[in-house]
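Laboratory data are not the source of any read-out in this text; all were calculated from the coordinates shown. If you're wondering where the values come from, they're calculated on a predicted model, not measured in any experiment. Quick reminder, even Gly has a Cβ in these numbers, built from the backbone with ideal geometry, and neighbours come from all protein chains shown.
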């Protein structure tokens, strides 16, 4: 398996029936076991089989997103989405047998209590009544993703997808920026009727799933799906309030300075991505140049990252170029059979390309380290609220290498990237609060939901003005955020982990060796601890404590406000 290339990997349809039968066999072996050694042997055999099954499913998923018009992988993806939920009872029965085993204490002693915490989570978030609902949810989510992936926006004499049009948001000509945002907005406006229906159905389906498990609505289930075991809605609400009182004010100062730099009195949404009047930093070379420079950077950063990037390139584990029909997203996933991360994105020749090479590869590096440090696949992936610390912190660790990617424009990149990291946070908490509102108030009409988004923009992004773009101005901007449709209750993770990344920025400034050692520990521990335990292990603060946001953002705030680019 050492010589594999992703493009040449054979695809085999995941054998759901075979996996269910094997699970039943393992359950019996665990129940009959007369020693801990027998239980362990059975569980590790089950884990290995699960890794093979997961890898087959992931190959189909990746190839489907690489070309959403490929009917074969579209059908395979649909098959997996519809069939996998039907075997969940058999898989969960294995967990139940382990949890009830007289040898549980010995298993926990060797593998840690989080092993069983995850099983309890799996038990709490599943019931057989939800199987058809999970199938409907997957179908609607795939429809949304295909609408996004197949977008064809006529602009500048070209036909662009959603990534392609966004490059024009940074154009030097303000009229072009405005027209590009209008074209982007019009795509969502044209699709609004169906997008309304999909979202309405997803709310209904997910709330029914929550009620089937004994909850009032989907929200508690959403928290379980995100692996949250040591905090809840109250903590998230208090964090959002810290963002409102601390970061929103800072963002207003940054955008006021940006308006002065650009020389505009009527600063609008279509000006937000144009950071500098003489142009934003742009990559100093093409897509292949960026990957080549990234390889050099990771070799200089540490021995571990050098080994990692060689592995990614050698095995063709990155697909980064923008192509027609390619899903409009970026992600990292893993091929467990090969202990291999995979990174997917769509380059568009902006500073976003550098973010891909650090953010998604930060995820991938963490996966690479965890898969080589943890004994079972349950620990290969951390909880989602930890995962984004890996990616966002890697973005910060890459700052000293910016000259390689942007030449004389490196300082522009660093300022723009840091400003984006900070100004993103209010938007991120707005997305989270919007989801809470929608699931808690399912009787709202589609237009009333969109109005709620408008109110959230006024609360968290009071600077935002769409200037005669009626669709975005009445609250339509939320439609573009695919996480709302595809990954419910996920988005707050980006904002919580921004605090962790800003803390790593502070650590890096004070002592690189200590910062990097803490970062490696964070990556290696994978999902072997709970959220708050992992933060403590990596010497990172709890973002829910009062004053934590103010402390975490301090170094970034000072760098931005004291920058030569501020006027």
| request: Please sort 56-64, 15-23 by packing, taking for each peptide the average over its residues of neighbouring beta carbons within 10 angstrom, highest first. | output: 56-64, 15-23
| request: Can you tell me the equivalent ellipsoid semi-axes for segment 86-206? Use √(5λ) from the Cα gyration tensor, largest first, whole Å. | output: 48, 19, 10
| task | May I ask for the angle, rounded to the nearest 10°, between helix 287-301 and the longest principal axis of the chain, with both axes built from Cα atoms and the value confined to 0 to 90°? | result | 70
| request: Using Cα pairs closer than 8 Å and at least 6 residues apart in sequence, work out the relative contact order for segment 6-111, in percent. | output: 41
| query | At what distance in angstrom do the alpha carbon centres of segment 188-267 and segment 139-182 lie from each other? | reply | 23
| note | Rounded to 0.05, the calculated FRET efficiency for the beta carbons of residue 313 and residue 69 at R₀ = 25 Å is 0.35
| Rg/Rh ratio calculated on Cα atoms of the chain (Kirkwood radius) | 0.95
| query | Mind checking the alpha-carbon convex hull of segment 436-557 and giving the volume per residue in Å³? | reply | 149
| said: Could you tell me how far the Cα centroid of segment 359-404 sits from the Cα centroid of segment 25-92, in Å? | reply: 24
| field | Mean-position separation - Cα centroids, segment 548-567 and segment 284-314, in angstrom | value | 30
| said: Show me the ranking of peptides 329-342, 156-169 by mean Cβ neighbours inside 10 Å, starting with the highest. | reply: 329-342, 156-169
| task | Show me 98-104, 38-44, 442-448, 503-509 ranked by packing, highest mean number of other Cβ atoms within 10 Å first. | result | 503-509, 38-44, 98-104, 442-448
| field | Between helix 88-99 and the chain: long-axis angle, C-alpha atoms, 0 to 90°, nearest 10 | value | 70
| query | In what order do 7, 541 fall by count of nearby beta-carbon atoms within 10 Å, going from fewest to most? | reply | 7, 541
| task | Divide the volume of the convex hull of the Cα atoms of segment 6-111 by its number of residues and quote the answer in cubic angstrom per residue. | result | 105
| request: Compute the length gained on full extension between residue 252 and residue 288: take 0.36 nm times their separation in residues and subtract their Cα-Cα distance, giving the result in nm to one decimal. | output: 9.2 nm
| request: Evaluate the relative contact order of segment 336-435 (contact order divided by residue number), counting alpha-carbon pairs under 8 angstrom at least 6 apart; express in whole percent. | output: 24
| remark: Taking 0.36 nm per residue of separation between residue 99 and residue 245 and subtracting their Cα-Cα distance, the length gained on full extension comes to 48.1 nm
| Cβ-based exposure ranking for 181, 264, in which fewest neighbours within 10 Å come first | 264, 181
| message | If you fit an axis through the alpha-carbon atoms of helix 384-397 and take the longest principal axis of the Cα set of the chain, what angle between them do you get, 0 to 90°, nearest 10? | response | 50
| query | If you average the sequence gap of Cα pairs under 8 Å that are 6 or more apart and divide by the length of the chain, what percent do you get for the contact order? | reply | 18
